[in-house]
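**Student:** Provided herewith is a single structure, encoded as structure tokens, for subsequent inquiry.
Just so it is clear, none of the values below were taken in a lab; they were calculated from the coordinates. Please read these numbers as outputs of a predicted model, since none were measured by experiment. No Cβ is skipped: glycine too gets one built from the backbone with ideal geometry, and neighbour counts run over all protein chains shown.
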Amino acid sequence: MTDDIYFTPLLPWQQLLWSQLTQRVLAPQQSLPHALLAAGMQGMGKRAFVWRLVAWLLCRARDERPLGACGHCESCQWLRSGTHPSLQALPLVSLPISADNIHKQQEVASSTAKDKKSTKATSNASLKIKVDEIRALQPFIYQGGHGMRICVLDHAEQMTIAAANALLKTLEEPQAQVYLFLISDAPSQLLPTIKSRVQQLALQRIDPAVALDYVTQALGSTVNREAVGAAAIEQLIQLANGAPLAAITLAQAPWYSKRALWLTTWQALRSGKRSSIAASDYWQNQLSIDEFIQLSELMLLDMRRVLLGFEALQKDVKLAAILQDHQPSDSGLERLSYSLQQTKIALQQNVQEKFSYDKLMQELVYL
């Protein structure tokens with residue numbers, strides 16, 4: 001993520017909410033709630049919306065530019081450099097910043113929490129917000145008399161219990177001109193006491209027609225890509241649970257075009273026409289182990305649907321027909337699903353990809 005996210009065009013399904021919020025800020029005697037939650041599945045553009053709103057709130061020219069930050073004033077330049085004195089973010093790696101200014105972000109990190117170790121990029125699932133980091137924000141929040149101040153807590157569901165309890169004090173004692181934005185991909189994991197003290201932004205309601213039009217235009221403008229038909233786009237949106245950006249990412253994922261090949265490999269392994277070692281060697285040249293795991297998880301998800309009597313989400317591969325000839329057992333599906341999860345954990349401990357691939361192919365033999 002780079003500093004460009006502050007100034008990207010507004011997504012079509014966010015225009016009404018943007019208008020409501022900006023009008024509220026600009027209207028006399030009105031203001032935003034002091035704590036807002038942007039929640040929902042990945043691929044809706046909630047982070048882009050929050051960072052765009054943060055830039056606009058801090059922009060010196062916002063009264064004349066209701067559609068977004070100017071990008072040129074002193075405040076916008078501070079955002080671009082990652083050194084805005086009125087903005088703090090946790091985890092620190094979530095702060096939008098260009099590669100050229102990473103060292104400046106590290107300076108912000110050291111001034112925010114003296115005892116915080118250098119933060120390295122990790123997967124969203126492993127990001128944690130600890131109590132000491134929340135406490136380190138208190139001087140910034142309670143300094144008073146310094147104009148608007150904004151705190152953004154990305155991956156808010158990753159707060160420890162102690163961190164969430166520390167945040168409650170801030171939520172219960174709102175300070176003038178201090179705004180807290182919480183962003184969460186899994187709001188069900190937030191403490192009820194946290195959710196009860198924030199106002200959720202209406203970002204999850206995306207009109208299917210708007211989503212279809214947006215994804216169609218985005219994929220149609222992709223360079224060197226074959227035209228994607230309406231049925232294929234509808235399938236992508238369905239697989240992405242209605243999230244347009246996730247649908248686009250899915251279409252462009254290297255593994256998405258290899259779903260039929262995954263089924264062919266599974267059939268060959270199950271029938272003994274191919275060895276697990278040969279299949280492993282082949283797939284290692286096709287996809288990274290992370291990509292193969294994503295592919296396998298999608299195939300397992302659709303298998304479960306069909307076996308439960310539902311229609312397959314994927315209409316462009318012969319999944320239902322294949323399952324008529326051979327139905328995996330519940331224990332086989334559970335075993336492979338467990339192996340996929342264990343492989344993810346093992347990869348975080350630097351286990352070799354070849355070893356992981358070999359093990360997963362062995363599991364496919366008995367699925």
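**Student:** Tell me, Ile237, Ile5 in order of fewest to most beta-carbon neighbours within 10 Å?
**Tutor:** The order, fewest Cβ neighbours first, is Ile5, Ile237.
**Student:** Continuing with the same structure: Where Lys and Arg each count +1 and Asp and Glu each count -1, what net charge lies around Lys344 among other residues with Cβ under 13 Å from its Cβ? Kindly include the intermediate steps, with their values, before the conclusion.
**Tutor:** On the way: positive: Lys359; negative: Asp290, Glu291, Glu297, Glu353.
Here the charged neighbours net out to -3.
**Student:** Just to confirm a number: summing +1 for Lys and Arg and -1 for Asp and Glu over residues other than Ile237 whose beta-carbon lies under 15 angstrom from that of Ile237, what do you get?
**Tutor:** With Lys, Arg at +1 and Asp, Glu at -1, the net is -2.
**Student:** Quick check: the angle from helix 46-58's long axis to the longest principal axis of the chain, C-alpha only, nearest 10 degrees?
**Tutor:** It works out to around 10 degrees.
**Student:** Percent relative contact order of the chain, based on C-alpha pairs within less than 8 angstrom and at least six residues apart?
**Tutor:** For the chain, the relative contact order is 17 percent.
**Student:** Let me ask something else. Based on Cβ point charges of +1 for Lys and Arg and -1 for Asp and Glu, what charge dipole magnitude is obtained for segment 172-326 about its Cα centre, in debye rounded to the nearest 20?
**Tutor:** Using only the charged Cβ atoms, the result is roughly 460 debye.
**Student:** Can you put Ser276, Ser329, Ser356 in order, fewest other beta carbons within 10 Å first?
**Tutor:** Ordered by Cβ neighbours within 10 Å, fewest first: Ser329, Ser276, Ser356.
**Student:** Grab the other residues whose beta carbon is less than 10 angstrom from that of Asp281, score K and R as +1, D and E as -1, and report the net. Could you put the intermediate results ahead of the total?
**Tutor:** Values: positive: Lys354; negative: Asp358.
Cβ neighbours under 10 Å give a net charge of 0.
**Student:** For a quick check: with amide H placed at 1.01 Å from N, whose amide H comes under 5 Å from Leu182's, ignoring anything fewer than 5 positions away on the same chain?
**Tutor:** Leu36, Leu37, Ala38, Leu153
**Student:** Which of Lys46/Lys258; Lys195/Lys344; Lys258/Lys315 have a Cα-Cα distance over 25 Å?
**Tutor:** Cα-Cα > 25 Å for Lys46/Lys258; Lys195/Lys344; rest within.
**Student:** In the chain, with Lys and Arg counted as +1 and Asp and Glu as -1 at Cβ, which of these residues, Leu26, Pro174, His84, has the Cα nearest the positive end of the dipole, that is, farthest along it?
**Tutor:** Pro174
**Student:** Something else about it: Separation of segment 314-366 and segment 283-308 by C-alpha centroid, Å?
**Tutor:** Measuring centre to centre over Cα atoms gives 7 Å.
**Student:** Going by C-beta contacts inside 10 Å, put Phe355, Phe49 in order with the fewest on the left.
**Tutor:** Ascending Cβ contact count within 10 Å gives the list Phe355, Phe49.
**Student:** Quick one: dipole size for the chain, taken about the Cα centre, charges +1 on Lys/Arg Cβ and -1 on Asp/Glu Cβ, in debye to the nearest 20.
**Tutor:** Its charge dipole is roughly 420 debye.
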